[in-house]
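**Student:** Below you will find the structure I want to go over with you.
The values are calculated or read from the model by the stated rules, or taken from the named source; none is laboratory data. Quick caveat: nothing in here was measured; it's all calculated off a predicted structure. As a convention, Cβ positions derive from the backbone with ideal geometry for all residues, glycine included, and neighbour counts pool all protein chains shown.
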Amino acid sequence: MPVGGSLLLHLQHWIFTHQLGYLLHPKISVGSNPLKIADVACGNAAWLLDLARQHPKHDYVGLDITPAHFPAAGNLPANIRLHVLDAFAELPSEHVGAFDIVSIRTIYSAVIDANVEPLLSNLLKMLKPGGYLQWAENDASTLTARAPEGMGMNAMTSVASVQKFFSRHQGKMDPEWLHNLASTLEQHGCEVLADDIIDPLPELSRA
């Protein structure tokens, strides 16, 4: 059973999957031929493991700046490999033009002063011609704290504390890049198939 940070990553993965209702966006064509799929900032590979169960014929590569939450290699399916990669640094040649699908999620807090260009450039370099980039984020700039009727002060204080945390870091976690991501991708020659803004499900909106 996962513990500590890995357990939180599994919870985060469940929340995203429950909220979105998919692992791969319905507009991404998987087709019948084996594909090579990358997950950047993969954490404990929860997304890859679930996707590999749905589509076992594909090859999967997880990339993260730290291996701290990687499952042991012997516990992974044969078609999943995990590697250390700083997605903001120069991209190793073996990853250039290597993937049919690249997925990235919850990298918001790592993009400092809205400088998403090094990351975005690397993600696009990783794709084969005609490949798909799937990018999912939680927009922390929209976080609000509200007290439903009957909520105790302790619970309200907890919600407010989370809001204050993001407020303190908002100077470096500028959301402008995220709000403009679709147009930025178009400027890089991408066809944006979906630019979805999704309100949290009611059952997920309480801290």
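**Student:** In the list Ala72, Ala87, Ala68, Ala78, which residue meets the criterion of being of a type outside the set (Ser, Thr, Tyr) and touching a residue at least 60 places away in the same chain (Cβ under 8 Å)?
**Tutor:** Ala68
**Student:** Only one of (1) in a helix (DSSP H, G or I); (2) modelled with pLDDT of 85 or more is not met by Phe165, so which one is it?
**Tutor:** The one condition Phe165 does not meet is (2).
**Student:** Hey, any hits in region 41-53 for a residue that's at positive phi and in contact with a His (Cβ under 9 Å, 6 or more places away or on another chain)? Let's see the steps before the verdict.
**Tutor:** Of region 41-53, the ones at positive phi are 41, 43, 45.
The next check asks that each one be in contact with a His (Cβ under 9 Å, 6 or more places away or on another chain); those that pass are 43, 45.
Within region 41-53 (the criterion being at positive phi and in contact with a His (Cβ under 9 Å, 6 or more places away or on another chain)), the answer is yes, since at least one residue qualifies.
**Student:** Could you check how many residues of region 9-29 are touching an Asp or Glu at 6+ places or on another chain (Cβ under 9 Å) and under 25 Å from Leu85 (Cα atoms)? Can you show your working first?
**Tutor:** Taking region 9-29 first, the residues touching an Asp or Glu at 6+ places or on another chain (Cβ under 9 Å) are 13, 17-18, 20, 23, 25.
From what is left, the residues that are under 25 Å from Leu85 (Cα atoms) are 13, 17, 23, 25.
Counting residues in region 9-29 that are touching an Asp or Glu at 6+ places or on another chain (Cβ under 9 Å) and under 25 Å from Leu85 (Cα atoms) gives 4.
**Student:** Another question, if that's okay. Looking at Arg53 and the list (1) assigned to a loop (DSSP other than H, G, I, E, B); (2) modelled with pLDDT of 95 or more; (3) loosely packed, with under 14 Cβ neighbours inside 10 Å, which single condition is not satisfied?
**Tutor:** (1)
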